[in-house]
Every structure is written in structure tokens, then in C-alpha cells.
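Asks: Below you'll find the structure I mean.
Read-outs: derived from the displayed coordinates by stated rules, not from any lab. What you see is a predicted model, and the numbers here were worked out from it, not measured in a lab. Counting neighbours? That spans all protein chains shown, and the Cβs are built from the backbone with ideal geometry, glycine included.
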Amino acid sequence: MLVLSCPYKLRLLEGMLRKSLPQAIVVHGAVMNINRGNPIHHEVIVDSWPEFKVVLTRPCKEVINSLGDSERGRERRKEERIFSQPKGQSKILLDAAAAKQKKLSVIPYFLLEPGFRLSSLNSSSIDLLNENWAYGRNQQSRRYLAKMIQHFPGSGILNEEGYLISWMLMDLFGTQAHGYTLPSFRGKGYLAITTKALCMQAYNAGYPLYGFVVLKNNHMQRALEKGGYQKVSELSYLCFHDTT
């Protein structure tokens, strides 16, 4: 096994893995994060180079079978209109501006109830996220969520009193995860808004738009499908080493 530490080779690896999406999505996201400052100090190991069949990322001790240089799994990433104005409105505005020889920039927006607003996540949110995560409520999960908030994008909605009521994070694999809305605020589309806001950040940073959902979490699966996501046939198994 070889430790791949050369920045040039790591960029090449990222491009190779991108051609094998979605099968290589987990390791692809980890390599992207390594190539963008390596905020959580991972390293990449391959069985051989430049021809490889297995890629490992540490310290997670995660093993991903890569498709290597195969032409299978051509890149499925597509441009997604993650934000939109009412149907046809932006075109009408642009046409009107063109008729008057005016330059007009169309800015995407969300509609929220008065007093509600979008927000990033910070350390003050860690305990709330940990308490409402099905795999949380312990010190290990708290440390994990703290790292995600510190190093990766996140989006949330604050109510009139400034309390966080809905959120979505990007994890170390470059995917949307840990989405949640407090029970008393459900049914109003808040999770869809936080997801779309996070998608804009991820898309602008060059990340493919993917999300992880636990198989039994049917509610989240339906929510993502309603937002335009499609299921892929492959399953990903995430293993976290308990250091507590």
C-alpha cells in the first residue's frame, strides 16, 4: 500500500474518482476535502499507482473499492437549479431589461415567515444537534458534530427568537447529512430550504450534490426525493471507530 501525499497525484486522483461517481462518492468527497486544505487531517492510501483498485482514507480507516480508470459510472453530475423564482418570472424580467438595454442580475431568494431567517451554524448549536441526532447524545458524537460545524458548510433557520429550528450539514465526505427540523416546526418546508441553501454552497465549491440517508429514515428519503434527488442502487456502509 502506498501513501499518496503528492498534491499533483491527489488532484489526479480526485479527477479519476469523479469519473466514477456515484460509486466512488464517499472517497471522492474525502479526497476533495484533502485537496482543499485537509481540515480534519486525513491521508490517502492506494494499493498501487497510477493503476489502482482500492483507496483508503485515514484516520477513519474507511475502505472504498474504486472503479479506477474504468469507463463505467460516467460522471452523473448535472447542473441543478437549486433556487428558482416563480416559474417564468426571471425570464420576463430579463426580457424587459433587455428591451430597455439595461443589465439585470437575477438573485435567487427564499420566502420565510416574518422574523425567520437563514443562518450558518456555529459552536452554540452543537448541543442541540447532538441531542437531536439519532446516533448522538454522547461525547464522541458531540466531538464529531463540532468538527463538522467548524470545518464544513452548514445551513440553518432561526425563528423569531433567534433559536435554531432546522438545519443541514456537509460532512467530511462532501455530502449533505444530519438534516433535521424540530418537531413543532415540521410540515412547513424548512428542511427543504436549509438543504437548498447548503446545496448552493456545495455546488459553488465544486462538490457533487449528494446526500446520505439511513435506510429506515423514510421521511428524509421522501423529503430529498421531493427536492429532486434520485436514489442510487449502491449502498454505502459507514463505520465510525469509538474512541471514548
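Asks: Do the alpha carbons of any pairs in Lys147/Lys196; Lys196/Lys231; Lys9/Lys53 sit beyond 20 Å of each other, and which pairs? If you can, show how the numbers build up before the last one.
Replies: Numbers: Lys147/Lys196 22 Å; Lys196/Lys231 17 Å; Lys9/Lys53 15 Å.
With Cα atoms farther than 20 Å apart: Lys147/Lys196.
Asks: Evaluate E = 1/(1 + (r/R0)^6) for Asn122 and Asn35, where r is the Cβ-Cβ distance and R0 equals 22 Å; express this FRET efficiency to the nearest 0.05.
Replies: With a Förster radius of 22 Å, E is 0.30.
Asks: Something else now. At 7 Å along the Cα-to-beta-carbon direction for both Glu51 and Leu215, put a label point, then send me their distance in nm to one decimal.
Replies: 3.5 nm
Asks: Assuming a ≥ b ≥ c are the square roots of the Cα gyration tensor eigenvalues, decide whether segment 159-231 counts as rounded (a/c under 1.5), prolate (otherwise, with a/b larger than b/c) or oblate. Walk me through the numbers on the way to the answer.
Replies: Values: a/c = 1.87, a/b = 1.26, b/c = 1.49.
Taking the square roots of the gyration eigenvalues as a ≥ b ≥ c, segment 159-231 is oblate.
Asks: Let me ask something else. Compute the distance in nm between two label points, each set 7 Å from the Cα along the Cα-to-Cβ direction, one at Lys147 and one at Cys6.
Replies: For the pair Lys147/Cys6, the computed spacing is 2.8 nm.
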